[in-house]
Amino acid sequence: MPFARNRAVFAFGGNLPSEIGSVNETISAAFDELRTHGVEVIDQSRFFQTPCFPAGAGPDYVNLVAVTSTSHSPKALLERLHEIEAKFGRARDSRWAGRTLDVDILSYENLIIPDLDTYQHWVDLPLDVQMKEAPQNLILPHPRIQDRGFVLIPLCDVWPEWTHPVSGKTAQMLCDSLPISETRGIKPL
């Protein structure tokens, strides 16, 4: 049975050109691809330049956030996103490596998937473990939203009143509480 239309929020990013062209051109082409899969882009942030992490590991990133409407289930949506990433040359060789396109589901309505305990486990992982381990299944909301300026700044650009389904804080509140080290160097293109 198909899902009703639901609002999903995506973070887009990349720091390497694809066969399409620049990161900006790749992200724009990914939007077109989303539409062919029945995902409607309702609104999007501006493109932002973000310093590469860790510093010196590659070219700076381009990031943006899009609010979408979809009838796909969260799991089916993740499968479509992985197909789109692969189409535009995304290789998953190592964690946090340079990439042509990265699309993360930040939230899907106000769902917590698979459950609060699993979500909290991934939120609480120390940075050194995060750099080595990735969840094998979809975790929603994305467990790193509250830690990432490159997600929160574009999210505030498009939907500052978005409310985190676990903390109850808005995107703007989360962004305002970030240390300067997480927001330094992020600027609109």
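The values are calculated or read from the model by the stated rules, or taken from the named source; none is laboratory data. Here the structure is a predicted model, which means the values were calculated and not measured. In this analysis, Cβ positions are derived from the backbone assuming ideal geometry, glycine residues included, and neighbour counts consider all displayed protein chains. Protein only, heavy atoms only, side chains kept; ligands, DNA and RNA dropped before computing areas. Shrake-Rupley method; radii C 1.70, N 1.55, O 1.52, S 1.80 Å.
For residues that are closer than 18 Å to residue 81 by Cα and open to solvent by less than 70 Å² (accessible area, probe 1.4 Å), scanning just the stretch 128-142, find the one that is nearest to the chain's Cα centre (by Cα).
142
Taking residue 42 as the residue in question, decide whether it is β-branched (Val, Ile, Thr), farther than 22 Å from residue 186 by Cα and either surrounded by fewer than 15 Cβ atoms within 10 Å (Cβ to Cβ) or in contact with a strand residue (DSSP E or B) (Cβ under 7 Å, 6 or more places away or on another chain) (or both).
So residue 42 fits the description; yes.
All but one of (1) within 20 Å of residue 111 (Cα to Cα); (2) charged (D, E, K, R); (3) in a helix (DSSP H, G or I) hold for residue 161, so report the exception by its number.
(3)
If residue 61 satisfies all but one of (1) surrounded by 14 or more Cβ atoms within 10 Å (Cβ to Cβ); (2) more than 28 Å from residue 42 (Cβ to Cβ), what's the number of the condition it fails?
(2)
Can residue 105 be described as surrounded by 15 or more Cβ atoms within 10 Å (Cβ to Cβ), more than 12 Å from the chain's Cα centre (by Cα) and not in a loop (DSSP other than H, G, I, E, B)?
Criteria not met by residue 105.
Would you say residue 141 is at pLDDT 95 or above and touching a helix residue (DSSP H, G or I) at 6+ places or on another chain (Cβ under 8 Å)?
Against the criterion (at pLDDT 95 or above and touching a helix residue (DSSP H, G or I) at 6+ places or on another chain (Cβ under 8 Å)), residue 141 qualifies.
What are the pairs, 6+ residues apart or on separate chains, where a residue within the stretch 126-139 that is assigned to a loop (DSSP other than H, G, I, E, B) and basic (Lys, Arg) has its Cβ under 8 Å from a residue that is open to solvent by 90 Å² or more (accessible area, probe 1.4 Å) and at pLDDT below 75?
From residues that are assigned to a loop (DSSP other than H, G, I, E, B) and basic (Lys, Arg), the pairs are 132/95.
Restricting to the stretch 15-34, name every residue that is aliphatic (A, V, I, L, M) and open to solvent by 60 Å² or more (accessible area, probe 1.4 Å).
16, 20
Given the condition in contact with a Ser or Thr (Cβ under 9 Å, 6 or more places away or on another chain) and under 24 Å from residue 60 (Cα atoms), answer yes or no: does some residue in the stretch 126-133 qualify?
No, the conditions are met nowhere in the stretch 126-133.
When the stretch 56-74 is examined, which residues are found to be within 21 Å of residue 17 (Cβ to Cβ) and either of a type in the set (Gly, Ala, Ser) or assigned to a strand (DSSP E or B) (or both)?
56, 57, 58, 61, 62, 63, 64, 66
Quick one: would you say residue 46 is at pLDDT below 95, more than 19 Å from residue 100 (Cβ to Cβ) and charged (D, E, K, R)?
No.
Out of 174, 178, 152, report the one residue that is open to solvent by less than 40 Å² (accessible area, probe 1.4 Å) and in a loop (DSSP other than H, G, I, E, B).
Being open to solvent by less than 40 Å² (accessible area, probe 1.4 Å) and in a loop (DSSP other than H, G, I, E, B) holds for just one of 174, 178, 152, which is 178.
Just to check your reading of the model, which residue among 41, 65 is of a type in the set (A, V, I, L, M), over 30 Å from residue 128 (Cβ atoms) and under 15 Å from the mean Cα position of the chain (by Cα)?
Exactly one of 41, 65 is of a type in the set (A, V, I, L, M), over 30 Å from residue 128 (Cβ atoms) and under 15 Å from the mean Cα position of the chain (by Cα), namely 41.
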